[in-house]
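The values are calculated or read from the model by the stated rules, or taken from the named source; none is laboratory data. Values in this document were obtained by computation on a predicted structure and should not be read as measured data.
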Amino acid sequence: MVWKSNELDVVDSGFITMRHMETYMGHGNYWDTILKKSNDHILKTLRAKYYCEILKNEYSKVKEDVLKKAKLAN
């Protein structure tokens, strides 16, 4: 895969793994994760997307605190 690198840190590796689980549909030859080597914009976007989903999850212990701080809570 084009984006493969040993230089990624643990956090980015986690986001890349989540992206793989989200996009892989069993067709490796035609699979496009949209991840390319040195594409910081895409990694930043994925970080924001996954952080948001994790924080909004019903099991998040900090969900209400985050919503209050963001002034989105009732």
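Observations
- Listed conditions (1) at pLDDT below 75; (2) part of a loop (DSSP other than H, G, I, E, B); (3) among the aliphatic types (A, V, I, L, M) are all met by Val11, apart from (2).
- Residue check, Asn57 modelled with pLDDT under 80 and among the polar types (S, T, N, Q): no
- Note on segment 37-51: residues that are more than 9 Å from the chain's Cα centre (by Cα) and either in a helix (DSSP H, G or I) or polar (S, T, N, Q) (or both) amount to 5.
- Condition met for Thr33 (of a type in the set (S, T, N, Q), at pLDDT below 80 and within 17 Å of the chain's Cα centre (by Cα)): yes
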